[in-house]
1. Compute the signed sum of charges (Lys and Arg +1, Asp and Glu -1) over the other residues within less than 14 Å, Cβ to Cβ, of Leu147.
2. Debye calculation, C-alpha points only, no solvent: report log10 I(q)/I(0) for the chain at q = 0.06, 0.07, 0.12 Å⁻¹, in the same order as the q values.
3. Using the beta-carbon distance between His462 and Ala218 and R0 = 41 Å, what value does 1/(1 + (r/R0)^6) give for FRET efficiency, to the nearest 0.05?
4. Accessible area per residue, 1.4 Å probe, Å², for the chain: what's the number?
5. At a 10 angstrom cut-off on C-beta neighbours, averaged per residue, how do the peptides 11-18, 316-323 rank from highest to lowest?
6. For the stretch 115-227, with all protein chains present and a 1.4 Å probe, just round the carbon and sulfur fraction of the accessible area to a whole percent.
7. In whole angstrom, note down how far apart the Cα centers of the stretch 408-443 and the stretch 128-156 are.
8. Using a 1.4 Å probe on the protein heavy atoms only, what accessible surface does Ser61 show? Give it in Å² to the nearest 10.
Amino acid sequence: MAESTLSARALDNLLGDWRSGAGSAYHALAERIRLLVLDGRIPVDTRLPAERDLAERLGLSRTTVTAAYRHLREQGLVLSVRGSGSVARLPGAPTVLPPAPAADYIDFSKAAPTALPWLPDLARQAVEDLPEHLGDAGFDPIGTPALRAAIADRYTARGLPTTPEQIMVTIGAQHAIALLSRALIGRGDRAIIEAPTYPHAYEALRAAGARLVPVGVAPRDGADQHGRAESEALVRAIGHSNPVAAYLMPDFQNPTGRSMSAETRARVLDAAARQGTVIVADETTGELDIDRPESLLPMAAYGPAIMVGSVGKTVWGGVRVGWIRADRPLIRRLLAVRSPGDLGTPIIEQLLVTRALPHMDDILDLRREQLRAGRDRLEGLLAQAFPEWQVPHVDGGIVTWVGLGAAVSSQLALAARSQGLIIAAGPRFGIDGAFERFLRLPICYPAETTDAAVQALARAWHSLSGAAPVPDQSLLASVI
C-alpha cells in the first residue's frame, strides 16, 4: 500500500526543466523521475500521479506518459497494480533505503569524513569501561551522567555555560532533530527552514506536520559579508508567518558553507524571542573551522536557542551519538516524546564518545588539516576542469555549493551515474524542485577519491554539453 500520493502539480514542480537535452520525451521524463526516486525526493511507496493527470499537467500526450511509466517499470522503479495506480519502488529493495552502490561506484553524495585513525583505540578503552555499566538493564533514554557532563563541559569551554541537566544524548543529530520536531510541532504549524538546507531536517519537520516557510541562504560574497540580507529575510519571516519553530544551521551551513555573523545571530534570536518562535540551531559542523576570519560562540550564547550536535562529522558517522542542549522542562518533555519510539542510546557508543570528547581539540586539529587539503584540492581541480562554474571559497565545514551556470543539476547527476559517480543534485536540498543550477560537492574526501570523482564528473559534464574537457592525470598532478 502506498504511504503517500504525489499530485501531478507536485511532481511537475519536482521535475523542473526535464525536457532539456536530446532524445525522446518519454525517455527524458522517465530518467528524471528515476533520479527523483534514487535520491529520495520521491520516497519509496509513494503513489505517482495518474497517467492522464500527469499528461494534462505537463502538456503531453497520455501515450508519452504511459511509455515513461512503462520504462520505469522495466527498470524496477515503479510497480503498477490495476486499480491502485503506480507506486515508486527501488530495484530489489523493499525498504525506503536506496541499495548500496556497487564497489566500482564513487559515492560523492555523502558529506562525511572517514573515521579517526585512533578510533580503534577509543573503542578498546570504551570496552574496558563497560563492566561498570552492566549492573542494570542498559536502557538509557537521556544519556550516561559522564557523557552528559562531558558534553556540558565542552559547551562551557566554548563560551556557553551548560549543566549536565540541560543535555539529552540521542542516536545522532538526525534523531535529535526528529525528536524536537515531534515535541515542538503540531500539525499545521509553520516552521522556518533555510533554503537550501539539510534535506533530512525538513523531512523530519514535514513528518511532524509542519508547513514549511523557506528563507533563502547564499554563500557570502563581497556585497554582503555580514549576511544582512539573510538576517532581514529571517526577521521578516519570523514576524510575518508567526512560526512555532525555525531550524537553522548557523555555522558552515549544509550545503552553502556560509556562517551567520554574531550580529545576525543576535538579531534573529531577538526577533524569535519576541514572536515566541523556538530556534533549533544545528551545530553538527559547528567546530569544523578551517580559516574563518572571526571567532563565534555557539548560537545559544547570543540568546534563547536549542542546540543540536553530534560526533558524526568529527569522530565518525558510524558512531551514532548526538545530543540536544535545552532547558530542563524541554528535556523532560523530550523524554516523554522519545519513549514510544526508542529506549535509549547504546551504552558502548556513549562510552566511546565519553573517551573521545576530552581529546576534541586534537580531533579538530586533524579534521581542519584534512578539510583544508580537501578544499584546496577540490577548488583547484574544479577551476581547471570547469572554468565556467562558480565555486565559492568556503572557510569551514564539509561541503561547497557550486553554481553550474545552467539548470542542469539533475541531468548531471544522472549522467554522472553512468560514469560511476554518485552525486547529490541541487534540488535534493530544496523543496518543490528548486536549485537545479547548483551542485553540492564534499571537501572531506581523500585526495585519490576527489581526483577520481572530478574525472568522472568532467566526463559526465562533457556528455551533456560537449564543452567540458576531461581532465587527465597530468592535470590532476599540476593542481597541488
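The values are calculated or read from the model by the stated rules, or taken from the named source; none is laboratory data. Please read these numbers as outputs of a predicted model, since none were measured by experiment. Virtual Cβ from ideal backbone geometry, glycine too; neighbours counted across all protein chains shown. What goes into the accessible areas is simple: the full protein's heavy atoms, side chains included, and nothing from ligands, DNA or RNA. Shrake-Rupley method; radii C 1.70, N 1.55, O 1.52, S 1.80 Å.
1. Charge balance near Leu147 sits at -1.
2. -0.28, -0.39, -1.16
3. So, using R0 = 41 Å, E works out to roughly 0.90.
4. Here the residues of the chain average 42 Å² of exposed surface.
5. 316-323, 11-18
6. C and S fraction of accessible area: 57 percent.
7. The two parts, judged by their Cα centres, are 40 Å apart.
8. Per-residue accessible area (Ser61): approximately 60 Å².
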